[in-house]
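Visitor: I'd like to ask some things about the structure below.
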Amino acid sequence: MNLFGLRPSGPIDWPSLHALVQKGQFAAVVDALRGLDEAQRAELGKQLVAVRRDAGSWFNEKEATAYAVAAVGCASTAAKAVTVIARHGWPWSTIRSQPVLRAAADRGVPWLGDLAARLAARLPRDPTFASWQLTADLLLAAGAPAPTGERFVDGWLLSVRVMQRDKTVLGELRASPFTDALLPLAFERDAIASSVGVYDQVTREWQTGPGVLLAVAALVGEGRFDRATALDRCLDVLLGTRPKMVLHGFVQFHDALAPTGAEVAERATIYLKLLADATGSAATMAQKVLKDADAAGTLELESLLDASRTVLGRSEKGLVKAQLIWLEKLAKRLPARAAEIAEVVAVAVEHPDVQLRDRAAAFLARHGHADAHGSPGGALVAERLPDLLPGPVPAADMPEPIVSPDELAEEVAALDQAEWQTVPVERVLAGLVRLHAGDPVALRAALAPVLQRMGDRIGASWWVADSHREAGALFTAALNKAAGLPFLLAEATRVLRGTPADVRIGNPYVKLHGVLMLRLAEVVVRLSTEPVPALVATPTQVNGLLDPAALVERLARAEREGWQPWKRDLRQALYRLPLHVDADVLRQARTLHSEAGRALVDWMDAGGTGRPEIRVVRVHRQRTELGRNVEWLPESRFYAASAPARSAVDPYWLTELTAPQVVNGDLRGHDWAALWPSVLPSQREVVAACLLPVIASATDVEHHRGDARLLPLLAELDGPVGAATLTAIAYGLAASQADQRIAALDALVAVGGLEGFDGAELGAQLARMAGTKLIVLSRAVTQLEEASRIAPAMTWQVAAGALAGLLPAEHTRPSPGPATTPAAQGGPGRGRGGGAQSAHVTPRGLPDLLTLATTAAAASGSRGDVPGLTELSARTGSTRLVVEAKRLHRTLAAH
């Protein structure tokens, strides 16, 4: 007798083994398989490999372990064992290694190393600790070499970071049997610079930093890892284009290595290149190291001056200022070379920053250089430059449709490496429906191997709680259905029975996503039961717009061939039409006699969704929220709302938007938000209103939730540029991440020449946000400095609008009120969230905004008065705020 009762007298049969596995009794499975011969195991293995996982079941740790034990104990090959293990929980469920290794030892499995290598090759892009640990334990038990694939290396790096309080990363690296083999490869992986929490026994607090790299530096000190190799690999990374977080971690690694003067001198050329071309933190580090080398006399002046020419043209003001100070000190130390140094400093005379130009001009004046023009603090007079705004640019046409099952399979495989975007999703959906109606057998043969290899990586798995909210899960279900793989029909049916407003993801502006969900659910449900030769809503342009003539032709084809378009697909097609339709196209539409044709004519006659008035309102955070911490939320946020008259032709009322009563803690990023603009491409303002919470979260919420990279998609849509779009751009310009601020700059340049764009209103919105500390003004000013090189007149309008809202507050006026448009003042949005207006606080970056305004005004030849500027410029004192105000005042007067 054992823990699980009396063991049967004979070998276990398949029903009994399967029952033990399904109950997760892995220890009983190990015991039951012990003593079986290979023929008996092979027979059980055939039954085991044939078992499919119920698509609606949850993964269970014990059940997954039991299946893994049975796979090792019964499967005839490593490939079949991997199939069973991956089908029943791995890599998402924790599989206990010891029972699996016990079963392998009882059987004497000869392919254990092959099994481990195959599992290592199938690790997910972001491996879990448990999935990697099983693979590693199998490798060690088999005595097999460590795989060198990226995912196994990432898993190892994760394993050394997963610790208890009594362990350290350094201790894990010392003890790991993979350190010597994998550490050289780890320098190529971003995970080596990941932040690690370290518990400080003295302060009893967790400290964060690039723990693995700092531990590697300690290994270098112990002689476990070659010092020269570590330093060279560090510099190679800093010269590259890795993410900012990774580069910052390697800067700390470099500091921990603390190169000697001899090591720096040997690599002086590399450090000079870092100074000239690397990112800000790496360049600053190189500057510090090279200063020490210069002081020690090991740095050649000619090489330094060559690099300085590039450095003085960089945008980082602190780096350029430090370089100018270095060169000034160098000129004092080497007066015989002062003229040569002045030739280099002359480069900074053209720098966009006024202060740096003044400093360079003062240096040149002291040394009698010919380029010493201008005077510090004087009016700026420059050559007038035109705005180079692109204006309206038609969206590109959609690529050619997918024509074969093999091409569709290639497109689906490509989705495994890409974010959700309109063009690939629409092409795949159109190809899937068309090819399934034509030759479902060929389509199944092409898709099934690709989807089996990808597993659940395309979208959310159905076992995830509330997964019916995930469009990716519906998209995956449609593909699985066409490929003959398991999928869950019930969830798609439930979604299809609702309306866009029924699909809740924590965002009150969810209707656009709801339209996507309904259409995807319709594909899942109707693909086999009501097949159609084509979708009618596939856009003709990459921004989602559908040519009305193309839709008329598609519906005419349906009439000729005797089939009806799917209901939700037709609804999406109508939403994608432009508001204004050519009269000839309308006449052709009136010749249609089908129900779909009549719906098209009614839509065109009614003018589609119309052009609703969008208001922007300010909503406050509630003080407490039951059971939740709301302190991480912004004190307030701007949302958009509209209340148009409801139209009979639009049962979803997509243009009717209601702002939340309080700032919602669930309004963050969304994986499918990039497809929302394609749902209603003729309504830029409505789409901007729906994306506003996601974009705002990139600015006013810590940990960088949200995504302002969506802003360029707004520029591609039709419709005027109004309050919602301007508010979204204002948030994006002040986003916490540099790449998102650049995306906002691209959007600003794209919409700056479009109908309805009001630069002064954009500036006023920036003032409202900065004046109430909702954004960091200096971030937005940095992007506007770039915009001034492209469109100085537009930038002046924005800067003047912002100054008009900020400068008077420096005297007597209170901070701006909650409304952002004249239509909102006194309207439904006023007072939403309650509370009195907060006292004004001078925003950081206001002097930079004055400098920007001076540059833009000089370049565009603008003149006029800015409210509050005269009073501020009349102040005495030499603070930078007053100095820049005087400069702007003189520049405007000079024109």
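A quick yes/no check of all residues on (1) open to solvent by 50 Å² or more (accessible area, probe 1.4 Å); (2) closer than 29 Å to Pro243 by Cβ; (3) touching a strand residue (DSSP E or B) at 6+ places or on another chain (Cβ under 6 Å); (4) not acidic (Asp, Glu):
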| position | (1), (2), (3), (4) |
| --- | --- |
| Pro91 | no, yes, no, yes |
| Arg125 | yes, yes, no, yes |
| Phe129 | yes, yes, no, yes |
| Gly143 | yes, no, no, yes |
| Leu173 | no, yes, no, yes |
| Leu183 | no, yes, no, yes |
| Ala186 | no, yes, no, yes |
| Ala193 | no, yes, no, yes |
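Visitor: Next question. Among what's in the range 216-245 and is in a helix (DSSP H, G or I) and modelled with pLDDT under 90, pick the residue that is farthest from Ala276 (Cα to Cα).
Guide: Met245
Visitor: Before we move on, is Val616 outside any loop (DSSP other than H, G, I, E, B), touching a Phe, Trp or Tyr at 6+ places or on another chain (Cβ under 8 Å), closer than 28 Å to Glu685 by Cα and of a type outside the set (Lys, Arg)?
Guide: Here the answer is yes, as Val616 does meet what is asked.
Visitor: Let me ask another. List the pairs whose first member sits in the range 237-248 and is open to solvent by less than 100 Å² (accessible area, probe 1.4 Å), whose second member is of a type in the set (S, T, N, Q), and whose Cβ atoms are under 7 Å apart, counting only residues at least 6 apart or on separate chains?
Guide: Taking only residues 6 or more apart or on different chains, the pairs are Leu247/Thr279; Leu247/Ser281; His248/Ser281.
Visitor: Let me ask something else about it. Please tell me if Thr83 is of a type outside the set (A, V, I, L, M, F, W, C), farther than 14 Å from Gly73 by Cβ and over 27 Å from the mean Cα position of the chain (by Cα).
Guide: yes
Visitor: Go through the residues of the range 878-893 one by one and say whether even a single one is within 35 Å of the chain's Cα centre (by Cα) and over 19 Å from Met794 (Cα atoms).
Guide: There is no residue in the range 878-893 that is within 35 Å of the chain's Cα centre (by Cα) and over 19 Å from Met794 (Cα atoms).
Visitor: Sticking with this one: Of the residues Ala295, Ala276, Ala262, which single one is open to solvent by 70 Å² or more (accessible area, probe 1.4 Å), small (Gly, Ala, Ser) and either touching a residue at least 60 places away in the same chain (Cβ under 8 Å) or touching a Ser or Thr at 6+ places or on another chain (Cβ under 9 Å) (or both)?
Guide: Ala262
Visitor: Please pick out the residue among Gly45, Gly10, Gly5 that is modelled with pLDDT under 90, open to solvent by less than 40 Å² (accessible area, probe 1.4 Å), of a type outside the set (Lys, Arg) and under 23 Å from Arg96 (Cβ atoms).
Guide: Just one listed residue meets the conditions, Gly5.
Visitor: Give the range 406-449 a look and list any residue that's in contact with an Asp or Glu (Cβ under 8 Å, 6 or more places away or on another chain) and of a type outside the set (Phe, Trp, Tyr), or say none.
Guide: Across the range 406-449, the qualifying residues are Glu419, Pro424, Arg427, Val428, Gly431, Ala446.
Visitor: A further question on this structure: Of Gln765, Gln737, which residue is open to solvent by 20 Å² or more (accessible area, probe 1.4 Å) and on the phi < 0 side of the Ramachandran plot?
Guide: Gln737
Visitor: May I pose another question? Out of Ala819, Ala857, Ala824, Ala839, report the one residue that is at pLDDT 50 or above and open to solvent by less than 20 Å² (accessible area, probe 1.4 Å).
Guide: Ala857
Visitor: Additional query: Run Glu530 past the list (1) surrounded by fewer than 17 Cβ atoms within 10 Å (Cβ to Cβ); (2) at pLDDT below 90 and report the number of the one that doesn't hold.
Guide: Of the numbered conditions (1) surrounded by fewer than 17 Cβ atoms within 10 Å (Cβ to Cβ); (2) at pLDDT below 90, the odd one out for Glu530 is (2).
Visitor: Residues being outside any helix (DSSP H, G or I) and within 16 Å of Glu884 (Cβ to Cβ): count how many of those fall in the range 332-365.
Guide: 3
Visitor: Still on this model: Scan the range 800-809 and give yes if some residue there is at pLDDT below 90, assigned to a helix (DSSP H, G or I) and crowded, with 16+ Cβ neighbours inside 10 Å, otherwise no.
Guide: yes
The values are calculated or read from the model by the stated rules, or taken from the named source; none is laboratory data. Values in this document were obtained by computation on a predicted structure and should not be read as measured data. Glycine gets a Cβ as well: all are built from the backbone with ideal geometry, and neighbour counts include every protein chain shown. All accessible areas refer to the heavy atoms of the entire protein, side chains included, with ligands and DNA or RNA removed. Shrake-Rupley method; radii C 1.70, N 1.55, O 1.52, S 1.80 Å.
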